[in-house]
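The values are calculated or read from the model by the stated rules, or taken from the named source; none is laboratory data. Keep in mind that what you see is a predicted model, and the values were worked out from it rather than measured. Cβ coordinates were reconstructed from backbone atoms using ideal geometry, including for glycine residues, and neighbour counts include every protein chain displayed.
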Amino acid sequence: MARKRAPGFEAQREDILAAAARLFAEQGFSATSMNQVAEACGVAKPTLYHYFQDKQELLAQICDSHVHALLALVEEVKAQQLAPDAQLRTLIERFTRSYADAQAQHRVLTSEIKFLADAERERLLDVERLVVGEFATALCLVRPELREAKLHKPLTMLLFGMINWTFTWLRPDGELSHEALAALVSDLFFGGLGAVQLRQAAVIQ
């Protein structure tokens, strides 16, 4: 019979993951020790190892939780069965706003995933590809002809380029809030989407 987890186990585990994500984001995975993580969480080092085998597992769990949260967000929006324009706009705005609450986790996913073992990294990248694929599909629902022109994936990656790196410059105490940025990105992308000329695809390729 499996041992029952003590009350508060999951809460403590999430606290450890959040503290580790902040440290990995601020000073890098390689420069962060398990001692520092334990100190940041206010727990003894043996307690830390009760939850996670090593620093690699910490990194893997941070990335796994974040990328699956993004995939779940996509599924939530799809379940609303919105019109194509509304669905894509909602995806853009929900993702942009979600990064406000997970800046450290997002920085770790984008910058520190390279330190994972090959198999674990590829597993997580496969989930990322699912997320990107869902965005590309949503974009094609707005303009179906983009798929045949093979522009749906480049445009999707351009879109992610707009929102994925906001943590490098957008400050919580700045004049622009994440909510305002979410609407701005959506307006900017939709304003430019209709101007894309399909004949350019032949020139690019």
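A few notes on this one:
- First in segment 52-71 and within 10 Å of Ala21 (Cβ to Cβ), second anywhere and surrounded by fewer than 15 Cβ atoms within 10 Å (Cβ to Cβ), Cβ under 9 Å, 6 or more apart: Ser65/Glu14
- Residues of segment 30-44 satisfying the condition of being surrounded by 14 or more Cβ atoms within 10 Å (Cβ to Cβ), assigned to a helix (DSSP H, G or I) and either of a type outside the set (Gly, Ala, Ser) or touching an Asp or Glu at 6+ places or on another chain (Cβ under 7 Å) (or both): Met34, Gln36, Val37, Glu39, Cys41
- Out of Glu122, Glu134, one residue alone is modelled with pLDDT of 95 or more and either crowded, with 16+ Cβ neighbours inside 10 Å or under 17 Å from Leu73 (Cα atoms) (or both). It is Glu134.
- A Cβ distance below 7 Å, combined with a sequence gap of six or more or placement on separate chains, defines the contacts here; from segment 156-172, residues that are free of Cβ contacts under 8 Å to residues at least 24 places away in the same chain reach residues that are outside any helix (DSSP H, G or I) in the pairs Leu170/Leu176.
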